[in-house]
Amino acid sequence: MRDFACPKCGQQLTFENSRCLSCHSSIGFDLDARSFAIVTAEEARAEGGGVSRCANVDVAACNWLSPPEHPSGLCRSCALTRTRPADADLDALPAFAEAEAAKRRLVFELTELGLPLRGRDVNPETGLCFDLLSSSHEHVVTGHANGVITLDLAEGDDVHREQLRVSMAEPYRTLLGHFRHEIGHYYFTVLIDSDDDRERFTTLFGDPDADYQAALDRHYQKGPPGGWQDTYVSAYATMHPAEDWAETFAHYLHVRDTLDTAAAFGFAPAGATLATPLVGDVGFRRIIELWLPLAWSLNMINRSMGHPDLYPFVLPPPALDKMRLVHSLVTGQGDADRAAAGQAARS
């Protein structure tokens, strides 16, 4: 995550700010510009107008700007949400706002990486969309199917999430982590688009068409196999090749975003940012060379404050090989999209 500044007075801002605490200007985040803009009526006119807040500013505390061409008045992140709690559901709306805040971080990182975000408006059958549902009213299973990411809003409750984290023996469980895992399933369908890609996937992860229900039953009856730490990034990754991919993809996003934030605040070289083209094996080796000492340092800092490790995972060589494939596909897609965008701009 970048370090942001108020466009009027230069005051440092967080990604979640909607008002500058120094000059009190009303501000909104512009995804296309990757920066904040003034959105108060008088100052917007002075800047040339044309900026407006997302229609979810009140219901989800969204601080993003809505693109002028979007008829719903929603920002690019909120527009991806297909189903949400009703305005009258006062119990679920706070959790909905938390989920949208985490999703904005996800959308920002994916945009920085150059990954496509094609919604249901572009592809009605398999386009990306989010159903953010409250299990207070219905049975909700967090997951992904044909581009639809479903999230149980109860995951926004600290007590509920911690109980599940402990009962499922998970060292890490957050809203953002859920989104990164589930979006991994979506990008499997986007990035594995050739026979060669599929062969590389199968060599590292296994058969993606293996019986999922049988794998699920086996995992929850017997648990992960012995010695899984030598091959996988997490115990859950052992369940099925599709889950191994999603977990690896999520960890790749964890690593890239944390390095990007560290670079923004001087804890990592400027070359660690998401905007830096770290392509190929050389780029991946550089990412890991930067990540391992940073993760160790952050874990030690957390321990100094009496907190659990920030990154409570070990990345064994086979897991790094899998992550290298994710990196290859992500940076290849990003390069292709950036080249297409450049060509469109020149034509």
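The values are calculated or read from the model by the stated rules, or taken from the named source; none is laboratory data. Keep in mind that this is a model prediction, so the values were computed, not measured. Glycine gets a Cβ as well: all are built from the backbone with ideal geometry, and neighbour counts include every protein chain shown.
Observations on the structure shown:
- Selected residue [within 29 Å of LEU13 (Cβ to Cβ), surrounded by fewer than 19 Cβ atoms within 10 Å (Cβ to Cβ) and out of contact with any Cys (no Cβ under 6 Å at 6 or more places or on another chain)] from THR276, THR258: THR276
- Residue count, segment 232-259 (criterion: closer than 19 Å to THR111 by Cα and among the small types (Gly, Ala, Ser)): 2
- Residue in segment 214-225 that is more than 23 Å from PHE313 (Cα to Cα), at pLDDT 95 or above and exposed (fewer than 11 other Cβ atoms within 10 Å of the Cβ) present: yes
- Among the residues listed as CYS75, CYS62, the single one being touching a helix residue (DSSP H, G or I) at 6+ places or on another chain (Cβ under 6 Å), closer than 24 Å to ASP257 by Cα and not aliphatic (A, V, I, L, M): CYS62
- ALA262 closer than 25 Å to ARG104 by Cβ and in contact with an Asp or Glu (Cβ under 7 Å, 6 or more places away or on another chain): no
- The residues of segment 268-298 that are of a type in the set (Phe, Trp, Tyr) and in contact with a helix residue (DSSP H, G or I) (Cβ under 7 Å, 6 or more places away or on another chain), listed by number, are PHE284, TRP291.
- If you go through segment 173-203 and pick out every residue that is closer than 20 Å to LYS103 by Cα and either of a type in the set (D, E, K, R) or at pLDDT below 60 (or both), you end up with 3.
- Filtered residue count, segment 226-255, keeping only those that are assigned to a loop (DSSP other than H, G, I, E, B), hydroxyl-bearing (Ser, Thr, Tyr) and modelled with pLDDT of 95 or more: 2
- Among the residues of segment 1-24, those identified as of a type in the set (S, T, N, Q) and either out of contact with any Phe, Trp or Tyr (no Cβ under 9 Å at 6 or more places or on another chain) or loosely packed, with under 13 Cβ neighbours inside 10 Å (or both) are GLN11, GLN12, THR14, SER22.
- Of the residues ALA101, ALA86, the single one that is out of contact with any Pro (no Cβ under 9 Å at 6 or more places or on another chain), within 30 Å of HIS185 (Cβ to Cβ), assigned to a loop (DSSP other than H, G, I, E, B) and not aromatic (Phe, Trp, Tyr) is ALA86.
- Within segment 269-289, considering residues that are among the β-branched types (Val, Ile, Thr) and not in a loop (DSSP other than H, G, I, E, B), the one modelled with the lowest pLDDT: VAL282
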